[in-house]
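> The structure under discussion is supplied below as structure tokens; questions concerning it will follow.
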Amino acid sequence: MSKHFQTDLDKAESLRVEMVAQCSKSKEALEKLTYDKDDYGLKKAAIELFVFYEKSGNNAFKEMIELLKKGASITQADVARLNVIAKEIGEEEKGYDENFKKVQTAFASANGFPLEENKLQKEIDSLGK
């Protein structure tokens, strides 16, 4: 395995750990948040997204990094496992994401908040294809 590739994997591991910590902090902050009116499930949906990303970071992303650290000794079975993990993450994330978008739209509409399209969303979505 090249030194550059190992450095990238070390950075990926560092970012994974940071992501898990940030998801945990964000989830805790949301759990303390109160709102006197109907939030249309927005708080719950946001917490579910953070729980999903925290779980993915602790399990799936960690496993993916470990498999990739095998470098030249990675097997076809390892590559197949990477593909399965990526597919499972994408499928599970889609449900949480769709639910969040639905309740976010309902909340924004009920409270007169405009929603703006994320200009990077199409680019982000195309990465999974």
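> Based on what the data block shows, is S24 part of a helix (DSSP H, G or I), among the hydroxyl-bearing types (S, T, Y) and surrounded by 15 or more Cβ atoms within 10 Å (Cβ to Cβ)?
For S24, the condition - part of a helix (DSSP H, G or I), among the hydroxyl-bearing types (S, T, Y) and surrounded by 15 or more Cβ atoms within 10 Å (Cβ to Cβ) - is met.
> Follow-up question, since we're still on this one. Please find, among A29, A77, A45, A108, the residue that is in a helix (DSSP H, G or I) and touching a residue at least 40 places away in the same chain (Cβ under 8 Å).
It is A45.
> Could you tell me whether any residue of segment 67-89 is within 23 Å of C23 (Cβ to Cβ), surrounded by 15 or more Cβ atoms within 10 Å (Cβ to Cβ) and under 11 Å from the mean Cα position of the chain (by Cα)?
yes
> Just the residues that are assigned to a helix (DSSP H, G or I) and under 19 Å from M64 (Cβ atoms), please, taken from segment 111-129.
Selection gives I124, L127.
> Quick one: which of F100, F52, F113 is touching a Leu at 6+ places or on another chain (Cβ under 7 Å) and on the phi < 0 side of the Ramachandran plot?
F100
> Mind checking which residues of segment 52-66 are within 11 Å of the chain's Cα centre (by Cα) and of a type in the set (D, E, K, R)?
The answer is E54, K55.
> Right, here's the next one. Under 6 Å by Cβ, and 6 or more places apart or on different chains, what pairs join a residue from segment 91-105 that is in contact (Cβ under 8 Å) with a residue 12 or more places away in the chain with one that is surrounded by 14 or more Cβ atoms within 10 Å (Cβ to Cβ) and not in a helix (DSSP H, G or I)?
V103/Y40; V103/G41
> For V51, indicate whether it is in contact with a helix residue (DSSP H, G or I) (Cβ under 9 Å, 6 or more places away or on another chain), in contact (Cβ under 8 Å) with a residue 24 or more places away in the chain and loosely packed, with under 15 Cβ neighbours inside 10 Å.
Criteria met by V51.
> Please go through (1) surrounded by 14 or more Cβ atoms within 10 Å (Cβ to Cβ); (2) over 16 Å from K55 (Cβ atoms); (3) among the hydroxyl-bearing types (S, T, Y) for Y96 and return the number of the only condition it doesn't satisfy.
(2)
> Looking at (1) modelled with pLDDT under 95; (2) within 23 Å of L15 (Cβ to Cβ), find the lone condition where E93 falls short.
Of everything listed in (1) modelled with pLDDT under 95; (2) within 23 Å of L15 (Cβ to Cβ), E93 misses just condition (1).
> I want to confirm something. Restricting to segment 64-74 and keeping residues that are part of a helix (DSSP H, G or I) and touching a residue at least 12 places away in the same chain (Cβ under 8 Å), which single residue is farthest from A46 (Cα to Cα)?
By that ranking, first place goes to A72.
> Within segment 99-127, how many residues are aliphatic (A, V, I, L, M) and over 20 Å from E48 (Cα atoms)?
So the count comes out to 5.
The values are calculated or read from the model by the stated rules, or taken from the named source; none is laboratory data. What you see is a predicted model; the values in this text were computed from it and never measured. So basically every Cβ, Gly included, is an ideal-geometry build from the backbone, and we count neighbours across all protein chains shown.
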